[in-house]
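Below: the structure, in structure tokens.
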Amino acid sequence: MFSKKPAPAYAVSSAAGSGRFADARARALTAIQNPWISAGGAGLLFLLTLTTLVAITGDPKAGAPSIRISLAQAAASGAGMPGWREALAPEGAEPAVSTGVYDLSEGPIAMAHEAPISGSAFITLPGGGVSDAAPSISLAPSPIAGLTEPGPGGAPLPIIGASGRTPAEAYARPFTPNGKPKVALVVGGLGLNAALTRKAIETLPGEITLSFAPYAEGLQGWIDLARANGHEVLLEAPMEPADYPANDPGPMTLLAASSPQETVRKLEWLLSRATGYCGLTNYLGSRFLATPAAMTAFSGALKARGLAFIDDGAAAGKGAGPLRASASRVIDDDLSAEAINQQLAALEATARTRGQALGSGFAYPVTVEQAAVWARSLSERGFQLAPASALAHR
């Protein structure tokens, strides 16, 4: 028989402590099971974590690449044009998707009366960004003094300045050749899709020229933002294709059979949509570009206003008078990354042979993505990325 002995003092103390711990744990488990208390605790933990991160970095977005744009600069030309504010709006504030129906009058653009703007906008680049895609320079805001006159209804039209300076020169991106073969690229169709337009502006190197549809909502704002990011800009002129009117480029399309006066009237309407572009490019136009009389009227009007004409290759050898450049290939007729890369490689081969080459593409997501990747290592392959204006000549 084993006799029952009293427990030692340290065992009694330990048992008492264990009992108190068990009671506390039970109370804690009961509290955690309460949904209001658990939610509050999770929120408190999140706030404590966020506060710690901000205290360490000094900025909750410190890891994201960004640029600062002067709002006064962005508004300098936009104060008299609608839309510049919309171009700086966050993605969530974009206007509704276009229905494809245009509601444009032939009259002037309404002049907005807005309060003076100051301060700056801090823009976080999407997709992580890369240093090669950041703008190396910011182009001067438009309009530049002395390079406009009142157009239809008072909207500004580009003119050659009193000193002989042309809009083609003033609004082109500055370029200094370094002796390497020059490669230029125009990415067009911008302004109609806000997300793609913003992506092209913010992720493509500033040396890549951007062209905008004249029907874009907030057109002046997009052009201002593009120039603030270092891009020179072209305005797209809708021109009659061979299958017109089944394939209609849009209102104010330049028609092959129009009189010179009618061509100039429509052209002035297009030119009055915004300021800050160094020239025009074609949107479609196989019939218009092949009609000598139509091209004579068009080219003469551009030359008189000091603008360049840089086409997608459809007008090669046509349109004497203004500064001219024609693309040697369209890089995205086949919308696959592999096909676009092959076209860009062919563009390099042309530049190596001829000393320069110009490509043209549309702002499809795959085009913008592949062009951005291609441009990053272009210099390493022995080429100089150039704005399209650097390849233009008379």
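General remarks:
- Distance in nm between pseudo-label sites at Glu149 and Arg352 (7 Å out along the Cβ direction from Cα): 4.9
- Compared with the alpha-carbon gap, the fully stretched path from Ala339 to Glu262 is longer by 23.7 nm at 0.36 nm per residue.
- Note on segment 175-330: Kirkwood hydrodynamic radius from all Cα pairs is 15.9 Å, rounded to one decimal.
- When Met239, Met252 are sorted by how many other C-beta atoms sit within 10 angstrom of their C-beta, beginning with the fewest, the order is Met252, Met239.
- Counting beta carbons within 10 Å around each of Thr176, Thr291, Thr296 and listing the fewest first gives the order Thr176, Thr296, Thr291.
- Between the amide H of Arg305 and any residue lying 5 or more places away or on another chain, no distance stays under 5 Å, with hydrogens modeled in the peptide plane.
- In terms of other Cβ atoms within 10 Å, Lys199, Lys180 run from fewest to most in the order Lys180, Lys199.
- Amide hydrogen proximity for Ile159: with H placed 1.01 Å from N in the peptide plane, the residues at 5 or more positions away or on another chain lying under 5 Å are Thr148, Glu149.
- Prolate/oblate/rounded label for segment 256-394 (Cα gyration tensor, a/c 1.5): prolate
- The simple Förster model, with R0 at 30 Å and r as the Cβ-Cβ distance, assigns Ala195 and Ala140 a FRET efficiency of 0.65.
- Using only alpha carbons, segment 276-317 has a radius of gyration to Kirkwood radius ratio (Rg to Rh) of 0.94.
- The phi-based Karplus calculation (6.51 cos²θ - 1.76 cosθ + 1.60; θ = phi - 60°) puts the 3J(HN,Hα) values of segment 353-370 at 7, 9, x, 6, 7, 10, x, 9, x, 10, 7, 6, x, 5, 5, 4, 5, 5 Hz, whole numbers, x for Gly and Pro.
Here, each number is a calculation from the coordinates, and none is a lab measurement. Since this is a predicted model, take the numbers as computed values, not measurements. So basically every Cβ, Gly included, is an ideal-geometry build from the backbone, and we count neighbours across all protein chains shown.
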